[in-house]
1. Find the residue count for the stretch 68-86, including only residues that are buried (at least 17 other Cβ atoms within 10 Å of the Cβ) and over 17 Å from A333 (Cβ atoms).
2. Any chance you could count how many residues in the stretch 426-454 are among the hydrophobic types (A, V, I, L, M, F, W, C), within 10 Å of ligand 3 (Cβ to nearest atom) and without any contact (Cβ under 8 Å) to a residue 60 or more places away in the chain?
3. Of all the helices (runs of 4 or more DSSP H) wholly in the stretch 121-212, which have at least 3 residues that are under 29 Å from the mean Cα position of the chain (by Cα), touching a residue at least 12 places away in the same chain (Cβ under 8 Å) and within 16 Å of ligand 1 (Cβ to nearest atom)?
4. Take the residues in the stretch 361-403 that are of a type in the set (S, T, Y) and in contact with a Pro (Cβ under 6 Å, 6 or more places away or on another chain); name whichever of them is surrounded by the fewest Cβ atoms within 10 Å (Cβ to Cβ).
5. Could you list, in sequence order, all residues of the stretch 576-602 that are buried (at least 17 other Cβ atoms within 10 Å of the Cβ) and either assigned by TED's automatic domain parsing to the domain that holds T348 or over 29 Å from the mean Cα position of the chain (by Cα) (or both)?
6. Only one residue in R679, R685 is within 16 Å of ligand 3 (Cβ to nearest atom) and either touching a residue at least 24 places away in the same chain (Cβ under 8 Å) or within 17 Å of K705 (Cα to Cα) (or both). Which one?
7. Can you report the number of residues in the stretch 17-52 which are crowded, with 18+ Cβ neighbours inside 10 Å and in contact (Cβ under 8 Å) with a residue 60 or more places away in the chain?
8. Being assigned to a helix (DSSP H, G or I), modelled with pLDDT under 90 and over 26 Å from T503 (Cβ atoms): is that true of L605 here?
Amino acid sequence: MVRTVGVLLPLPFDKPFDYTVDFAVQVGQIVEVPFGKEKQIGVVWSLEPTSELEQGKIKAIIKAFDFPPLKIEMLKFIKWVADYNMAPLGSVLKMVISVRSVFEPSPMTVLYTLSGKTLAEAKLKNSDARWHVMDLLKHAPYTRQEIAAGAGVSQGVIKPMIDAGVLVPIYVENKKEFTEPIGDYVKVDLTAEQIKAAELLCRKVGAGFSVTLLDGVTGSGKTEVYFEAVAKALEQDTQVLILVPEISLTAQWLRRFQSRFGVRPACWHSGLTVKERTDTWKAISEGRVKVVVGARSALFLPYTKLGLIVIDESHDHSYKQEDAVNYQGRDMAVVRAKIEHFPVILSTATPALETLVNVDEGKYDCVKLNSRYANAVLPDIKIIDIKKDKPQRGEWGVSWLTPTMVKALQNNLENGEQSVLFLNRRGYAPLLICRDCGHRIQCPSCSAWLTEHKNAHKLMCHHCGYVDDIPEVCPHCGSAEGLTACGPGVERVEEEVCMRFPTAKVDILSSDSATSFTALSKIIGKMERKEIDILIGTQIIAKGHHFPDLTLVGIVDADLGLMSSDLRAAEQTYQLLSQVAGRAGRSDKHGTVYVQTLHPENNVLKALLNNDRALFMDFEKESRQILHYPPYGKLAALIISGTNQQQTGAVAAAFGRTAPDTENISVLGPAPAPLFMLRDKYRYRLMLKTTRNINIQQVLREWQKMVKVPSSVRVEVDIDPYSFT
Ligand code: ADP
Ligand code: ZN
Ligand code: ZN
């Protein structure tokens, strides 16, 4: 019987397309269909037609793949994510069936088995060697190499048996095996405080939906504690997903997992090869992988039976995706857990304000670790006022390190201990300016300055990736001496450190030096082996690393993050500085953190100095409450972009004219975005703000209906935006 079904395709459409099918299919089944001139992979979304298209015009499904169908819960999740984030349904599906090669014919292994034909029937001589082969294959099929080894014969014995049809080939898919982690491989002796926390987390596993904040100071052993919950989930034979900020997928973390569970977990991040992706996706969809550690995209994998999600460093902004689909991975993980009835653990030393409010309101549970493991204590914080303790010029030029900082580094070097200098800025200098004519070198495609990268001998745009050579003379006035670097990046601090401490071993950790997992592991390894005395790094340095001999952390410019207009700027700076500070003094040696600032009276620094997160958060809560910012109100950004400035501006203006305006809903803008040009596109922004009781998506849908948008202009919606550029 031929029927018509709806198939959702991984393309930016909001609805499934109709196809006919003359074999049995299930909802969630992955199928191949014709689409335009191509073939597409899709998922059976409904067993009913979804349009009014006439029968004759509907094309037929080509075939169904031999994969477990996506579960109903997965389809629900896709729908929820699309609705909430106002993304096309198909774009969300694309994040699920992200690996095209999974659906291509996979490499096969050829095994041989007995056909039933005797040697006599095949007119082959009845030798001992041939009998060894026949004996071996009575038990199981093997490859030619395995037969040769197992029966102790040469290929010359086997080949005639195949040619004569005594042995016949069978083809099996070449599946990568994933060894299961062992829950009780090594039991760790937990401290009394850790045991209490672990017990509470373990009680949640298998007991339906819940969210628990594991709120522990840096170095308190949060990883060891949530590993207990992972072990519990393994005991119950469910899958576990551990989400980590992309870059902190370090060898260190993997080693700890391996020593606790005996094997490495499956990894999921952008650095995998196509083959690794294909193998992992298949194994997850067939339930052959038990533990996955991955970046936010791992949330969209087709687990068969997920029983726990752990979100490590849950405050990290890398969980928020700003791409084809804008979503907050941390929150979407909670949604997935709710749909599939399992617990989520949010692990961090610096929870997001939203998370703390959820705990206050009783929606999330919370368990605390108040002390560092073993003898380690939290580091001392010392604030340096740059206005009073001015950096002294050296023979190399401008200096970025205050005399106090230099002295502390000097002492630490003499004591043979390691130091970290933190500056959240890549490259050598964020701007090249001509002293003779005032010209500043700008990206040709963005409203942004180009950053000088001295090590790479290039100028780079950090927004669009544009790269150019460093000019010899000013491109505007031709002056040969005028071009001057403005401000420091990590490379410039490295230059100063090398001049001041010529014998010290110095290295840089940033996304330019740690371009891959291997490159990152190499630098971390050098740090662990004490082959680095002073490591200078961007925010990568903040994330989860554990260096026992690191006793000094210097924050070069604590004010940097506070300059942004982002509503989370203060919170994020607090989190970042606490995390960086938390790298110091993690074992028996005491740690000290020096913080350089122009504004020692700032709330962020006061809280850091007094280790008083609660006070800072109370202040943050109050200021967000007054402004009705999340989580006390809702926000959505509309970003209007296009190559034609006039058309783009006109669309933005039309959104402005039709903006909803009630007691509970207000709109800011349109205004040119701070990054007015990005990748040769003009950009305008509007900000929709509503009270909590309003369905902001509904408001947006109504609003969008009122404005006609030409195809050359793009309207992007960002629910609860993190970026305001
Ligand atoms: P956090 O994630 O809270 O910053 P970690 O889990 O990285 O802390 O723990 C800090 C260090 O202390 C790690 O080297 C870890 O192996 C060690 N540690 C923590 N708890 C224990 C324990 N119970 N037994 C042995 N080592 C522990
Ligand atoms: Zn000039
Ligand atoms: Zn650019």
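1. Residues meeting the conditions: 4.
2. Of all residues in the stretch 426-454, those among the hydrophobic types (A, V, I, L, M, F, W, C) come to 429, 431-434, 437, 441, 443, 446, 448-450.
Then keep just the ones that are within 10 Å of ligand 3 (Cβ to nearest atom); that gives 443, 446, 448-450.
Next, only the ones that are without any contact (Cβ under 8 Å) to a residue 60 or more places away in the chain stay: 443, 449-450.
Matching residues across the stretch 426-454 total 3.
3. The helices (runs of 4 or more DSSP H) meeting that bar are 192-204.
4. So, considering only residues that are of a type in the set (S, T, Y) and in contact with a Pro (Cβ under 6 Å, 6 or more places away or on another chain), the one surrounded by the fewest Cβ atoms within 10 Å (Cβ to Cβ) is S399.
5. In the first step, residues of the stretch 576-602 are kept if they are buried (at least 17 other Cβ atoms within 10 Å of the Cβ); the result is 576-587, 591-597, 600, 602.
Once the filter is applied, which keeps residues that are buried (at least 17 other Cβ atoms within 10 Å of the Cβ) and either assigned by TED's automatic domain parsing to the domain that holds T348 or over 29 Å from the mean Cα position of the chain (by Cα) (or both), the stretch 576-602 yields G591, T592, Y594, Q596, T597, P600, N602.
6. Just one listed residue meets the conditions, R679.
7. Here the count works out to 2.
8. No; evaluated as a whole, the condition is false for this residue.
The values are calculated or read from the model by the stated rules, or taken from the named source; none is laboratory data. Just so it is clear, the structure is predicted and the values come from calculations on it, not from any experiment. A quick note on method: Cβ atoms are made from the backbone with ideal geometry, for glycine too, and the neighbour counts reach across all protein chains shown.
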